[in-house]
1. To check you understand DSSP bridge types, tell me what percent of the beta bridges within the stretch 128-239 (both residues inside) are antiparallel, rounded to 5.
2. Name the aspartates and glutamates eligible as straight-distance cross-link partners of residue 268: C-alpha to C-alpha under 18 Å, and not fewer than 8 places from it in the same chain.
3. Run a plain Debye calculation on the stretch 67-123 (Cα atoms as equal point scatterers, no solvent) and give log10 I(q)/I(0) at q = 0.12, 0.25, 0.26, 0.30 Å⁻¹, rounded to two decimals, same order as the q list.
4. Gain in length, residue 152 to residue 123, computed as 0.36 nm per residue apart minus the alpha-carbon separation, to one decimal in nm?
5. Most mobile of 313, 69, 325 per a Gaussian network model of the chain (Cα springs, under 10 Å)?
6. Quick check: at a probe of 1.4 Å, how many percent of the accessible area of the chain sits on carbon and sulfur atoms?
7. Can you tell me how the stretch 187-249 classifies by the Cα gyration tensor, rounded, prolate or oblate, using a/c under 1.5 as the rounded cut?
8. Give me the number: length gained by fully extending residue 351 to residue 170, i.e. 0.36 nm times residue separation minus the C-alpha to C-alpha distance, one decimal in nm.
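The values are calculated or read from the model by the stated rules, or taken from the named source; none is laboratory data. Since this is a predicted model, take the numbers as computed values, not measurements. Note: ideal-geometry Cβ built from the backbone for every residue, glycine included; neighbour counts use all protein chains shown. SASA here: full protein model, heavy atoms, side chains in, ligands and nucleic acids out. Shrake-Rupley method; radii C 1.70, N 1.55, O 1.52, S 1.80 Å.
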Amino acid sequence: MPEDDKKNLSPEEQVTAAREAFEQEFERFSRFRGGVDKTGATLKEAETLQRELNDLRARQTGKKSALASVKKLIGRVAPEARASFGQRVQQLESEISGLIDEVEVALREFTLAAKVERERIDVTLPGRRPRRGHLHPITLLRQQIEDVFVALGYAVEDDREIETEFYNFDALNIAESHPVRHPADTFYTTNGIAVKPQTSTVQIHAMQRRGVPLKVIAPGRVFRRDTPDATHNPMFFQVEGLCVDRAITMAHLKGTLEEFVRRLFGPKTRTRFRPSYFPFTEPSAEVDYSCFKCGGAGCNICKGSGWIELGGSGMVHPNVLATVSVDAEEFTGFAFGLGIDRMCALMYGLDDIRLLFENDVRFLEQFD
Ligand code: DAH
């Protein structure tokens with residue numbers, strides 16, 4: 001009510017006006033007096049109403065409320081009328097706060113009950129099972145390979161993926177002019193530091209760490225600047241093997257790899273060694289094994305040749321031994337490096353090696 005009008009009203013009339021103003025504002029809450037649950041309100045609505053009711057209480061009973069103004073009038077009415085006027089004002093005050101309290105309790109009870117209902121757990125419902133993950137096909141094959149070599153007395157070495165020039169090339173007897181040192185073949189970071197292009201680097205770390213004699217394999221990720229296609233990826237996996245002891249000969253190398261392929265592909269599997277060249281072995285050989293599908297007769301897996309490439313191998317070069325201060329007169333050794341990805345692709349019948357790293361779950365899920 002505008003101030004000017006108020007001035008013309010008697011104190012009695014002002015009390016009536018204050019009551020009317022309250023009743024008008026309170027009207028939309030009055031339906032909640034008997035409780036909220038019959039009204040079909042949602043929890044969100046009830047929470048909004050609670051906030052609005054708080055505002056209403058501040059407006060109707062706060063310092064600037066009509067109620068506060070009429071309270072101030074008590075002292076100003078004629079002394080003989082003061083007692084009854086005071087009573088009227090008090091009654092109005094208790095009515096207002098009584099009604100607001102009543103609705104507040106109803107709203108509070110409703111929201112509490114609604115929250116309890118929302119959070120109720122039906123313990124009889126079946127639980128949600130976590131989906132079981134599984135290992136990547138490369139990991140499965142790597143573990144199989146590790147099992148074979150561990151059974152043959154080998155330790156499994158792991159090492160860093162980024163290497164200095166010394167470990168990547170110098171210590172492996174790789175000439176300054178060798179193309180693998182070129183940035184067109186190997187991924188450099190800065191100052192001669194590069195991600196390793198072959199697991200052979202681990203040979204050096206292993207001998208430095210363990211000394212000789214030793215028998216280790218080192219499965220790991222390697223990186224080369226290859227354009228991806230059905231049989232190439234710029235990142236792939238190898239397993240390095242190294243055995244150094246007194247009187248180790250090429251016969252041990254051949255026996256070891258033959259035993260390996262027999263355990264992995266079956267007792268009838270044969271191997272074939274072809275002369276080759278690697279800077280860190282002398283003599284060096286490439287190794288093939290008879291096709292696990294056709295047994296050597298020729299099929300689509302071995303492209304009709306009957307043989308599948310296993311990897312490179314050879315007798316550890318004396319220069320490599322010298323780099324790690326191993327006396328090449330007393331100790332000899334053999335080494336080999338096998339690619340896992342292509343073997344994996346052949347074993348699982350994949351026609352494209354890139355599938356292995358596209359991380360499409362529909363593909364990966366098949367190797368449980
Ligand atoms: N590091 C060679 C490559 O990536 C493979 C290899 C050949 C490893 C002969 C060896 C080895 O240990 O003796 O092509």
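1. Within the stretch 128-239, antiparallel bridges account for around 80 percent of the total.
2. Cross-link targets: 258, 259, 288, 309.
3. -0.49, -0.93, -0.96, -1.09
4. Full extension from residue 152 to residue 123 adds 5.2 nm.
5. 69
6. Looking at the chain in its full context, I get 51 percent from C and S.
7. oblate
8. Values: separation 181, 0.36 × 181 = 65.16 nm, distance 3.70 nm.
Fully extending the segment from residue 351 to residue 170 adds 61.5 nm.
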